[in-house]
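**Q** Pasting in a structure now, in structure tokens, and then I'll have a few things to ask.
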Amino acid sequence: MSSSLQAICILLAILAFHLTAFAQSKSAEDELIKMHQDLLQFHLKGDVDSWLATESDQYVVANRGEVTYPSKKDREARIGPYLKRTKFKEYRDLIAPVVRVSKDGSLAWLIAQVKASGVQTADDGKQQPLEFTSAWIELFERKDGKWIRVGNVSNFKPPDK
């Protein structure tokens with residue numbers, strides 16, 4: 001085989017490798033965006049079980065200046081009552097989610113910014129309007145061929161005064 005033909009074969013192999021990696025990355029990004037859209041729906045439907053099914057047992061949270069490792073049971077105890085007493089009228093993206101996947105396809109993150117509004121029932125039974133803007137980074141690992149949430153860093157935009 002001539003050196004020119006060898007060079008072309010090597011270039012084609014490199015191109016094929018990069019196109020395959022790009023396609024896998026794009027597919028992973030699509031999967032993660034779908035998971036994000038599902039999470040928005042879980043909020044709207046009050047579906048804590050489906051939400052927690054997408055999360056790892058081992059999970060890390062950074063919020064309000066604290067880093068914690070709540071168990072799934074602890075997360076259910078926090079999310080369940082919150083969703084039960086909250087009826088969202090809207091829970092939607094303000095920006096298109098920003099997604100990045102590691103080169104080896106084992107880790108990923110997604111940044112989201114959402115607007116939410118609805119009503120929340122207080123302990124005394126009175127309904128109060130609820131409105132907020134929140135942004136977060138969701139952390140993902142690929143386990144057994146499937147993406148799973150392993151962490152979250154979130155914050156809320158201060159209300160306008």
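**Q** Subtracting the Cα-Cα distance from 0.36 nm times the residue separation, let me have the gained length for Asp123 to Ile137 in nm, one decimal.
**A** Working: separation 14, 0.36 × 14 = 5.04 nm, distance 3.04 nm.
Result: 2.0 nm gained on full extension.
**Q** Then there is this: Fewest first, what order do Phe140, Phe42, Phe132 take by the number of other Cβ atoms within 10 Å? Mind showing how you got there, number by number?
**A** Working: Phe140 24, Phe42 20, Phe132 13.
Listed from fewest to most nearby Cβ atoms, that is Phe132, Phe42, Phe140.
**Q** Please report the antiparallel percentage of DSSP beta bridges with both residues in segment 26-156, rounded to the nearest 5. Each step should come with its number before you reach the end.
**A** On the way: 39 of 43 bridges.
Around 90 percent antiparallel, to the nearest 5.
**Q** Grab the Cα-Cα distance for Ala77 and Asp38, subtract it from 0.36 nm times how many residues apart they are, and report the gain in nm with one decimal. Each step should come with its number before you reach the end.
**A** Values: separation 39, 0.36 × 39 = 14.04 nm, distance 2.06 nm.
12.0 nm is the gain from fully extending Ala77 to Asp38.
**Q** Here is the link list: Lys84/Lys146; Lys87/Lys157; Lys73/Lys115; Lys103/Lys157; Lys34/Lys84. Which ones come out longer than 22 Å on Cα distance? Provide the component values of the computation, followed by the final result.
**A** Values: Lys84/Lys146 29 Å; Lys87/Lys157 20 Å; Lys73/Lys115 27 Å; Lys103/Lys157 32 Å; Lys34/Lys84 24 Å.
Lys84/Lys146; Lys73/Lys115; Lys103/Lys157; Lys34/Lys84, as the Cα separations exceed 22 Å there.
**Q** If each residue of separation counts as 0.36 nm, what is the full-extension length gain between Ser27 and Val153 once their alpha-carbon separation is subtracted? Can you show the working numbers first?
**A** Numbers: separation 126, 0.36 × 126 = 45.36 nm, distance 2.41 nm.
Roughly 42.9 nm would be gained on extension.
**Q** Among the trypsin sites (Lys or Arg not before Pro) in segment 25-71, which ones are in a DSSP loop with at most 13 other Cβ atoms within 10 Å of the Cβ? Mind listing them?
**A** Of the trypsin sites (Lys or Arg not before Pro), the ones in loops of segment 25-71 whose Cβ has at most 13 other Cβ atoms within 10 Å are Arg64.
Since every read-out is calculated from the coordinates, none of them should be taken as a lab result. These numbers were taken from a predicted model, which means no experiment stands behind them. FYI the Cβ positions are ideal-geometry reconstructions off the backbone, even for glycines, and counts take in every protein chain you see.
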